[in-house]
Amino acid sequence: MFSKVDVLQVVELRTRTGRRKKGLVIVEGLPEFRRTVEAKAQIERLYICEKIVPLDAFDFKPFNPVLISKDEFAQIAFGSRLKGVLAFCRPKQLTLADLKKKKDPLLLVLESIEKPGNLGTIIRSCDAAGVDAVICCDQKTEIYNQHVVRSSIGSLFSVSVVSADKKETIAYLQKNKIQILPTSAHAQKVYNTVDLKRASAIVIGSEHKGVSKEFIENASEFIKIPMRGVSSSLNAAMSASILCFEADRQRRMVSG
């Protein structure tokens, strides 16, 4: 039964305070919901508008969906685009200690990324490129911000995403003998000449300030993406995508 209480719950989860209080995030859309289920995330509540998404489009039954009308769905949807599927999900809160140990891991460290859309796009690229984990240092945007969830297209739940400060991240990388590779426009080495088959942590700095001195002082070496035009750099999401797919290319060449 759909009521005003449902609307108020959704409104609360649209806020950072509400998400922290409840430990839940909103996932909207069938592709996003499908990936969330595939990642075995815990689904707490599910709303379906069968006028928008047919009930046979996915096996919704295990989640006891609340069936609502198009007008009711419009009351809880984000913006004017009605996707027909909205779920409350309880994400895993990971720490560095939760990361699985493996030979030659590929990690992406994001430092003070400010734009939720960039973070979501980066996580989506990391999922596609087989990155083992994303470490968000001194984050300026909430990992489970609704714009991050949306722009990641559900990949947020299939990639290990950790929040940590710079000091503990550097200590973790050094302890596990993972090379620290900050990006820098002044680096001597172009990204595709660096050995990314080894245990590697690519470090992307904030959109405005770049990589901090802590990572610079502890760098194994610096890498750059050469620019041919008048632009001196790419945005964080584009840089991360290029570097992660280069690492994937090198690793696939070895594995065949």
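The values are calculated or read from the model by the stated rules, or taken from the named source; none is laboratory data. Note that this is a predicted model, so its numbers are computed, not measured. So basically every Cβ, Gly included, is an ideal-geometry build from the backbone, and we count neighbours across all protein chains shown.
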Task: Glu38 vs. criteria out of contact with any Lys or Arg (no Cβ under 7 Å at 6 or more places or on another chain) and in contact (Cβ under 8 Å) with a residue 60 or more places away in the chain - done: yes
Open item on the list: Quick check on my filter: what residues within segment 153-162 are in contact (Cβ under 8 Å) with a residue 60 or more places away in the chain and either surrounded by 19 or more Cβ atoms within 10 Å (Cβ to Cβ) or over 22 Å from Leu86 (Cβ atoms) (or both)?
Closed with: Gly154, Ser155, Leu156, Phe157, Ser160, Val161, Val162
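Yes/no matrix, rows are residues, columns are (1) surrounded by fewer than 21 Cβ atoms within 10 Å (Cβ to Cβ); (2) in the same structural domain as Lys22 (by TED's automatic domain parsing); (3) among the acidic types (Asp, Glu):
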position: Val66; (1), (2), (3): yes, yes, no
position: Glu72; (1), (2), (3): yes, yes, yes
position: Ile113; (1), (2), (3): no, no, no
position: Thr121; (1), (2), (3): no, no, no
position: Asp132; (1), (2), (3): yes, no, yes
Task: Residues located in segment 32-49, provided they are modelled with pLDDT under 95 and not in a helix (DSSP H, G or I) - done: Ala39, Lys40, Ala41, Gln42
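Please verify whether Phe60 is farther than 24 Å from Pro116 by Cβ, aromatic (Phe, Trp, Tyr) and surrounded by 17 or more Cβ atoms within 10 Å (Cβ to Cβ), treating the condition exactly as stated.
Numbers: farther than 24 Å from Pro116 by Cβ: yes; aromatic (Phe, Trp, Tyr): yes; surrounded by 17 or more Cβ atoms within 10 Å (Cβ to Cβ): yes.
When the stated conditions are applied, Phe60 passes them.
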- [ ] Please work out which one of (1) aliphatic (A, V, I, L, M); (2) out of contact with any Leu (no Cβ under 6 Å at 6 or more places or on another chain); (3) under 24 Å from Lys101 (Cβ atoms); (4) crowded, with 17+ Cβ neighbours inside 10 Å is the condition Ala247 fails and give its number.
- [x] (2)
- [ ] Could you tell me which numbered condition Met1 fails, if it satisfies all but one of (1) exposed (fewer than 12 other Cβ atoms within 10 Å of the Cβ); (2) free of Cβ contacts under 8 Å to residues at least 60 places away in the same chain; (3) part of a loop (DSSP other than H, G, I, E, B)?
- [x] (2)
